[in-house]
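The values are calculated or read from the model by the stated rules, or taken from the named source; none is laboratory data. From a predicted model like this one, the values you see are computed outputs, not experimental measurements. Ideal geometry is used to build each Cβ from the backbone, glycine not excepted, and the neighbour counts take in all protein chains shown. Side chains included, ligands, DNA and RNA excluded: accessible areas come from the protein's heavy atoms. Shrake-Rupley method; radii C 1.70, N 1.55, O 1.52, S 1.80 Å.
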Amino acid sequence: MRARTYPSDLADEQWNLVEGLIPVYPGGRPRKTSMRAVLDAIFYVLRTGCQWQFLPKDFPPKSTVWGYFDEWRHNGTLDLIHDTLRERVRRSEGRKPTPSAGSIDSQSVPATEGGEARGYDAHKKVTGRKRHIVVDTMGLLLAVVVTGAGVDDARAAPAALAQLPRDDFPRLRLVWADQKYHNHELYGWVAANTDLELEVVRRPDGAKGFVLLPRRWVVERTFAWLKRYRRLSLDRERSVPSCEAMIRLAMIHVMLNRLCPSDDAREFRYRSAA
């Protein structure tokens, strides 16, 4: 086992939370690669923004790390780790494991050249991709969809809301949104396909500049958490599944630090807000 070298590496208590969620396949030769080292390498790429080929030599080979990342994003391992940790965080804060309300919003970010699903957001004047997320009242991720930056928020919302089935979120009934989601076609889709109520939180009449909107600030804070990860400061992925996987990985790292803060991390504290 490699020594804990980088701030992005998992502490022992954090590794214990995810070790049992990483699949071990029967048959074949015994696994020689340390899964903890692989996960540390993925978090290093995510936190620093380096390219896969520039991984430090004390990690497993780039091809091995990428191979496991590619496998986990397709076989549901990342989803399982993320959803399990979200329930643990909610329980640790005295909440029920699934939320009763959430917020939806989008964030346009520049994207590197090449890759799929790129566009131009005329409002934000950004050429790249748009991240559409739904979070609970604690800011924890419930759903994520990545599109080209030119895709309208209301048009992408059904794909995000479809990730909130009744079986997985039996208590979820209310989703707050801003005025970009005031769309009659979207209201019709929500009424016909979900049990949710979409409530638009409007800015006060005559308000100028930034306004802290009740309930809506939580999703903005989640976007701020994501921007702490240099890999996500721009969209550096070639494919949409990689974009969405990196967002889930960032939230996994956030939640691990919430559950088991490392020695050099300050204790997480909420600030009171409307």
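The stretch between residue 233 and residue 79 holds 53.2 nm of extra length on full extension. This uses 0.36 nm per residue minus the Cα-Cα distance.
Shown is the FRET efficiency for residue 19 and residue 155, computed with R0 = 41 Å from the Cβ-Cβ distance and rounded to the nearest 0.05: 0.50. Expressed in Å, the radius of gyration and Dmax of the Cα atoms of the range 75-153 are 15.4, 45.
Here the accessible area of the range 141-260 is 49 percent carbon and sulfur, with a 1.4 angstrom probe and all protein chains present. Here the accessible area of the range 1-86 is 53 percent carbon and sulfur, with a 1.4 angstrom probe and all protein chains present. If you sort the three axes of the alpha carbon gyration tensor as a ≥ b ≥ c, you get a/c under 1.5 for the range 1-84, which makes it rounded. Quick one: pull the percentage of alpha-carbon pairs in the range 99-205 with a separation above 16 Å. When every Cα pair of the range 99-205 is considered, 58 percent fall beyond 16 Å.
Ranked by the mean number of other Cβ atoms within 10 Å of their residues, highest first, the peptides 234-243, 132-141, 24-33 come out as 132-141, 234-243, 24-33. Charging the Cβ of each Asp and Glu at -1 and of each Lys and Arg at +1, and nothing else, the dipole of the range 132-260 about its Cα centre rounds to 640 debye. Taken along its principal axes, the alpha carbon cloud of the range 26-130 reaches lengths of 53, 43, 24 Å, longest axis first. Tell me the angle of helix 77-92 to the major Cα principal axis of the chain, expressed in degrees between 0 and 90 and rounded to the nearest ten. That helix lies at roughly 70 degrees to the long axis. Counting only Cβ charges, +1 for Lys and Arg and -1 for Asp and Glu, the dipole size of the chain around its Cα centre is about 600 debye. Across the options 15, 37, 26, the greatest Cα extent toward the positive end of the charge dipole of the range 1-50 (unit charges at beta carbon of Lys, Arg, Asp, Glu) belongs to 26. Averaged per residue, the chain has 52 square angstrom of accessible surface, using a 1.4 angstrom probe with ligands and nucleic acids left out. Across the chain, the relative contact order, built from alpha-carbon pairs under 8 Å that are at least six residues apart, equals 21 percent.
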